[in-house]
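The values are calculated or read from the model by the stated rules, or taken from the named source; none is laboratory data. Remember, predicted model here, so these are calculated numbers, not experimental data. Heads up, the Cβs are rebuilt from the backbone with ideal geometry, glycines too, and the neighbour counts pull from every protein chain shown. Accessible surface is based on the protein model in full, side chains and every heavy atom, while ligands, DNA and RNA are left aside. Shrake-Rupley method; radii C 1.70, N 1.55, O 1.52, S 1.80 Å.
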Amino acid sequence: MWLTRSSDTRDYCLQEGARLAVLHGETLIIEAITPVTLTVTCRERRAGLHITTAWPRTSPRTA
């Protein structure tokens, strides 16, 4: 899975089992290079998560 984050100019390519801490208010752009499962764990009770998909009704392969 490839990702870039709003607080950092680097790109990341995460392999299976990798972990990445996300800062409060940070925006991530994530793209699956191969089929992948993403698990998000919030440590704070009041943590919020907003997900927006680039292709809400179709996958990029069929668009």
Full-extension gain in nm, Ser6 to Thr37, via 0.36 nm per residue minus C-alpha separation
9.0 nm
Which order do Ile51, Ile29 take by accessible area at a 1.4 Å probe, largest first?
Ile51, Ile29
Protection proxy ranking, peptides 39-46, 7-14, average beta carbon neighbours within 10 Å, highest first
7-14, 39-46
